[in-house]
1. Out of (1) surrounded by fewer than 23 Cβ atoms within 10 Å (Cβ to Cβ); (2) part of a helix (DSSP H, G or I); (3) at pLDDT below 90, what's the single condition that is false for A522?
2. Considering only the range 131-159, how many residues are under 46 Å from the mean Cα position of the chain (by Cα) and modelled with pLDDT under 90?
3. Looking at the range 490-502, can you tell me whether even one residue there is free of Cβ contacts under 8 Å to residues at least 60 places away in the same chain and closer than 22 Å to N701 by Cα?
4. Please go through (1) part of a helix (DSSP H, G or I); (2) hydrophobic (A, V, I, L, M, F, W, C); (3) modelled with pLDDT under 90 for C74 and return the number of the only condition it doesn't satisfy.
5. Inspect all residues belonging to the range 55-63 and state whether any of them is surrounded by fewer than 20 Cβ atoms within 10 Å (Cβ to Cβ), part of a strand (DSSP E or B) and touching a residue at least 24 places away in the same chain (Cβ under 8 Å).
6. State yes or no: is L34 part of a helix (DSSP H, G or I) and in contact with a Cys (Cβ under 7 Å, 6 or more places away or on another chain)?
7. Checking the conditions here, which among E449, E493, E499 is over 30 Å from D32 (Cα atoms) and not in a loop (DSSP other than H, G, I, E, B)?
Amino acid sequence: MNDQNRKLAVIVFTDIVGFTKLTSQDQQKASDLLDTQRKEFSYLVKSFQGKWVKEMGDGLILTFDTINKAVRCCVKMQQKAKTIENLNLRIGMHLGEILEKENDIIGDDVNIAARIEPFSAPGGIAISNKINDALLREPDFKTKYLGKPKLKGVGQSVEVYCIVSHDLPATDLSKVSAKLEKKFNPIYAAIGVSLLLIPLVYFFFFGASKVESVAILYMKVRGNEDMSYIEAITEDLIFDLSSATRGLLRVSETASVKKYKSNELEYKDLAKALGVNFIFESSIQPDGSGYNLRCRLVEAQSGEDRFINKWFIESKNLQSIVGVLAENIIKELDIDKELDQEKTVYDPEAYELYLKAKSLYATSDNYEDSQRSMEMMLESVRSDDNLISAKLSLGQMYYEERKYEEANKLYSSALSKSKSLSDNANLAETLRKQGMLYRKQKDIDTAIEKFNEALSIVKVMNDRNAMAKILNSFGILYYRTNKKEEALQNWLEALKIAEEFDDKLKTAKYLNNLGIWYSSDADYSRSIDYYQKSLNIKEELGDRNIGKTLNNIGELYFKMGDYENSLSYYDKSLILKSKLNDIQGSNSSIINKAKIHFYNLKYDEVINEIKDSRKLSKDSRKDRFEISRNKFMGMAYFHKNEFDSTLFYLDNVNEVYKDYPIQSLEILPYLSLANLKVGKVDLSNMFIEKFKKILEEEDPNDKEAVLIYWMAHKMYDANKNEKMASEYLESAYLELKSNSKDIKNKKDRVLYLDAPLHKNIISAWGK
């Protein structure tokens, strides 16, 4: 760093007392308050020649060249704040050396200033001994000595004072004891799932190269297999710890950790796979009236323990486990967060039932267990209205079961309770889930409204990880509603945050999304570039979910007409999914292979692939892939001149498609032609009329349009309708050429037009 950027300055940190609660109660009022703060204080800071460095949530960072200007400006700010509703400030200041870096400042003394601010009374000003020494020469200022606390992460000896003149309140140390150095006591841990961890200061790791990261492994239950449900506590710990640390600690998502639930990888390999520095593991064992709880935090590279702790937890306090473990991690990694002592206490039986229901639903492989878990979760909700986690879990169950009305009722209840408990983390997550629900129900405006509300809350919380999650949800919504530019911007912003926190798993996920976006834009070269970047990260991490990206690359090569490469990637995907016993994923890859063979005019291969897919399914009647199987089987048999088999399979598909007319366009020419071949002219004509009627009302899907027009050409040609046959041949040719023109890269365009089906269309048109 250039020494010219290094200087001595007064560093000021501010924080709005009660802002978190205000946000949960009235987001608009909270947002307006920030605007008011900016408007009223910016001119004051400027008038005292101060520098407005930046805003962090509701907090400010300011610098001044002299102590006199800094102190007098802060006094004026407190006097002004008294006239503004809800603007109740804490202010802390320190004199020290800073490094100016773009729109930020870094250095040890910045750290000290941030840690002094919590010692201010609401409406008051806390200062370091260096500021106090200067004020001794100012007769109109009086100060009060608060003590010589040991500030975490600070090597210097710092004494703290507060200003008691100018109508400023003195600090009551009894009300800030939680901010003083203290030994760990489980009392400070949450008795409850929702930790409601409230930031007492806005502290960033100034000058730190990267944010620390940890993977919370699933809790092991020892001594009683019937109590395996307790491991579900892990998911609450992941959510609460991530919400609490708000960007100061990166916590691996539940979905990522779940993949390695039963895995016996070495710590170093596991950390690499999850992209983290630390591994946290815990175990619980029944013991009389309670449980023996053990936990361990391991530095992954060295394999050394940062701590090993154990406690006895009474059975009625099962819910306190989340708080106990979170406190240990926060304390050991020196994360600048304090636990709120005012916790919601849940009914022990309701909480235990919630864990049992959650565990049963996650492991259920049949309808009966799934329904039983939902009944148990509903009973938990009814037993304790404050148990927000149970409401969100049950809402998600209903969502997955397509019981959208029931899901919305649960989310609305969770929303109301989150507000009343000032639980902003769950409030934001509930709003995000509501947004996803409304998107599913095609109520796009309301979905956007919910996502925006969630985003405004996490911005105030300064929870960048949650921001990325919501931005990704925005991206999905906009992509599926064909607002592609909006989707792109949201995914790019989500990617930026993931890279900022060195979150490789999320980075890979968002790169994959960008690959999808550019594929839909026919920019295949750029799409492959993004897919490959995603693939490289997943391979580096040893990510077992790599098959999804391989599938996407296979689909991209299919769009390009490069069937050889497409099959290669689908094969790679299939191998990985088979190893993981991923039945659905394997089926998806096999069906995709069948599609490639079909467009490559290799119909025996299509049939063989479908037979392989069917072998994987226990009950094809309940299998979502069965429609695709029957479709490709029917169409393949037609081209093999086995028309009875064509009708057998496609009649089944047509029955399913009766409520989805646009999807039936692909099979109707085949049904007409097959019926004509077996002498059922009336049926053949009926399918022609049905085809005509649908096309008059709707356009075919872009993906299938070329094939649909080509087969319509063959259908009318077989019925000696030269005019219509010619028109549909032209439509197939023009659609083909239009698609090729959309392809950005010339080499890709040539490859697309050289695909076997496409060559047949071009040849027929040329005649």
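1. The number of the failed condition is (2).
2. Residues that pass the stated criteria total 14.
3. For the range 490-502, residues free of Cβ contacts under 8 Å to residues at least 60 places away in the same chain and closer than 22 Å to N701 by Cα: absent.
4. (3)
5. There is at least one residue in the range 55-63 that is surrounded by fewer than 20 Cβ atoms within 10 Å (Cβ to Cβ), part of a strand (DSSP E or B) and touching a residue at least 24 places away in the same chain (Cβ under 8 Å).
6. So L34 fails the test.
7. On the way: E449 fails: over 30 Å from D32 (Cα atoms); E493 fails: over 30 Å from D32 (Cα atoms).
Matching residue, one of E449, E493, E499: E499.
Residues checked against (1) in contact with a Gly (Cβ under 8 Å, 6 or more places away or on another chain); (2) under 23 Å from I708 (Cβ atoms):
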{"position": "Q532", "(1), (2)": "no, no"}
{"position": "L541", "(1), (2)": "yes, no"}
{"position": "D562", "(1), (2)": "no, yes"}
{"position": "K602", "(1), (2)": "no, yes"}
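The values are calculated or read from the model by the stated rules, or taken from the named source; none is laboratory data. If you're wondering where the values come from, they're calculated on a predicted model, not measured in any experiment. Using ideal geometry, Cβ is built from the backbone for each residue, glycine included, and neighbour counts are taken over all protein chains shown.
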